[in-house]
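Asker: Sharing a structure here in structure tokens format.
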Amino acid sequence: MPIRIEKIVYPGRSLARQEGKIIFTNEGLPGELVEVEILKEKKNYLEARTTSILEPSAERQPALCEHYRVCSPYQIMTYDLELRVKKEQLQEIFFHLKENIPSTIKLIPSPAITAYRNKIRLSLNWQANPPYLAYHEPGSRTSYLPVDRCALVSESINSVMTAVNTLLKGQPIPGLSHMEIRQSFWTGEILVVLEAEDEENLEKAAELWVPALSLNENIVGVTGLINLVRRKQYHKLYGRDYLEEKIGQTIFRYGAGSFFQVNPPMLEKVVKKMKEHLSPAAPVKLVDLYAGLGTFGLLLSDLSSEVLAVEAEPSNIFYLKKNMKLNRLQHLTIAEGKSEEWIEEILDFQPEAMVIDPPRRGMVSEIIEALKSYPLPLIFYLSCNPTTLARDLMNFMPEYEIVELTAFDFFPRTPHLETLAVLKGKAKSQQI
């Protein structure tokens, strides 16, 4: 059936209305007439799949990747349209907070919209003949899309993918399931991570693949990964098992399993925005919640008298300690454990500012309630999920006011982005 697309809603579904019924489909730009196949009928809406574009938008453009629906579905639109779509989505998500947020939500574009990602993770499809690197098809765990190259990563990462696709045609190692390629923007160095069922398959990879991969001058290390029931086990197969990145004057070392922002130039823009608000009050006592490798604690340390970094993951703590030594940082203290386990100590620390960078699910309620009982002068809440951010911001009311809401397009050509909320605690007399 033909439908006219009205808008794209977060996280990337196209919406149309037909005879009073809402229809969600997987592709279609605002204003386009598309042909869809109805997949499911729900109580309040229909789920569909786009089968053809009948009247394309003037802002539609050819995709750079054949697998674009998996890695970057917004490739099919101009970047100007993508920014407008994302800004409209944010206005809609935060609409219920309209009395509490600035009238304008800023959106900072990415300096690069291709070759910006510093890592890619792919499946190894051994069922195909010949085998190939792949993404799972959207919504499926058994169907695959071959990946020869990707527009979101550098040419040097693409060259590694080409080499591995060649290796896959040789002697099979079906116990290898996934591969991740990570690259430092600062040095250009690459770390390859091979995920396997057991050590025997990693030994085969070390014998059959590592000699060929080590010929690539950009590859400084190959690491093996085995997913155990409660933990991940890493094995150094060749060279180094870490990379280093430089943001401003700060050096970060991180390992095969460490989280690090995929678009470092955008991280610099976030830190610049934080420093605009932090500088007038500096030096401050700063808490870095969900600290990871110490990213924000280290980057804001020059404006801090003391830093308390709270982190639960042992591998992150290992590299956080390394990064303290690399940057000769002596006024940072690490609290090892979940943030909610350190609430009393955090409040005793009497912080004047806090950075919160939680996982997609957002914050636990205990932390929000504690911060409401002791309103901080300044909180930076950076979120990769605007829906959980909107929920959490509502829970911060009325003890806090939102002085700025800025989105950063860390993930151009995809539906995702990071949003920074700047909050200021109110005096008791201001809380209504």
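No lab work stands behind these numbers, since they all come straight from the coordinates. Since this is a predicted model, take the numbers as computed values, not measurements. Heads up, the Cβs are rebuilt from the backbone with ideal geometry, glycines too, and the neighbour counts pull from every protein chain shown.
Asker: What three numbers, in Å, describe the spread of the alpha carbons of the range 348-432 along their principal axes, ordered from the longest?
Answerer: 45, 22, 21
Asker: Note the full-extension length gain between His136 and Val403 as 0.36 nm times their separation in residues minus their Cα-Cα distance, in nm to one decimal.
Answerer: Here the segment from His136 to Val403 would lengthen by 92.0 nm.
Asker: Starting from the Cα gyration tensor of the range 203-265, take the square roots of the eigenvalues, sort them a ≥ b ≥ c, and report rounded, prolate or oblate (rounded when a/c is under 1.5, otherwise prolate if a/b is larger than b/c, else oblate).
Answerer: Oblate is the answer for the range 203-265, as a/c is 1.5 or above yet b/c matches or exceeds a/b.
Asker: Which of the GluC sites (Glu not before Pro) across the range 88-129 are loop residues per DSSP, with 13 or fewer other Cβ within 10 Å?
Answerer: Glu99
Asker: Further, regarding this structure: Using modelled backbone amide H atoms (1.01 Å from N, in-plane), which distant-in-sequence or interchain residues come within less than 5 Å of Tyr144's amide H?
Answerer: Amide H neighbours of Tyr144, under 5 Å, 5+ apart: Glu137.
Asker: Mind checking the full-extension length gain between Lys424 and Asn216? Use 0.36 nm per residue of separation minus the Cα-Cα distance, one decimal, nm.
Answerer: So the extension gain works out to 69.9 nm.
Asker: In addition: Between Asp80 and His178, what is the spin-label point distance in nm, taking each point 7 Å from the Cα along the Cα→C-beta axis?
Answerer: Going by the 7 Å Cα→Cβ label model, 3.9 nm.
Asker: For the range 192-258 and the range 1-31, what is the separation of their Cα centres, given in Å?
Answerer: Taking the Cα centre of each part, the range 192-258 and the range 1-31 sit 43 Å apart.
Asker: How far, in nm, would the chain grow between Glu19 and Asn395 when pulled straight, counting 0.36 nm per residue and subtracting the alpha carbon separation?
Answerer: 131.6 nm
Asker: Right, something else. What shape does the range 119-245 have by the C-alpha gyration tensor, where a ≥ b ≥ c are the square roots of the eigenvalues, rounded means a/c under 1.5, and otherwise prolate means a/b greater than b/c and oblate the rest?
Answerer: It comes out rounded by the Cα gyration axes.
Asker: Where does each of 284-293, 32-41 land if you order them by average Cβ count within 10 Å, highest first?
Answerer: Peptide ranking by packing, descending: 284-293, 32-41.
Asker: Return, ordered by residue number, the residues of the range 347-388 whose backbone nitrogen is under 12 Å from a label point located 7 Å along Cα→Cβ of Glu340.
Answerer: Backbone N within reach: 362-370.
Asker: While we're on this one: Percent antiparallel among DSSP beta bridges with both residues in the range 281-427, to the nearest 5? Before the final figure, lay out each step's value.
Answerer: On the way: 13 of 31 bridges.
Of those bridges, close to 40 percent are antiparallel.
Asker: Let me ask something else. To the nearest 0.05, how large is the calculated FRET efficiency for Leu107 and Lys169 if R₀ is 45 Å and r is the Cβ-Cβ distance?
Answerer: 0.55
Asker: Return the distance in nm (one decimal) between the two label points of a simple spin-label model at Lys236 and Glu55, each offset 7 Å from Cα along Cα→Cβ.
Answerer: Inter-label distance under the simple model: 6.3 nm.
Asker: If you take the square roots of the eigenvalues of the alpha-carbon gyration tensor of the range 254-396 and sort them as a ≥ b ≥ c, do you get rounded (a/c under 1.5), prolate (a/b over b/c) or oblate?
Answerer: rounded
Asker: In whole angstrom, note down how far apart the Cα centers of the range 303-337 and the range 359-432 are.
Answerer: 23
Asker: May I pose another question? Write down the Kirkwood hydrodynamic radius of the range 59-138, to one decimal in angstroms, obtained as one divided by the mean of 1/r over all alpha carbon pairs.
Answerer: 15.7 Å is the Kirkwood radius here.
Asker: Helix-only mean residue ellipticity at 222 nm, the chain, DSSP H runs n ≥ 4 weighted -39,500 (n - 2.57), per residue, nearest 500. What is it?
Answerer: Rounded to the nearest 500, the figure is -7000 deg cm²/dmol.
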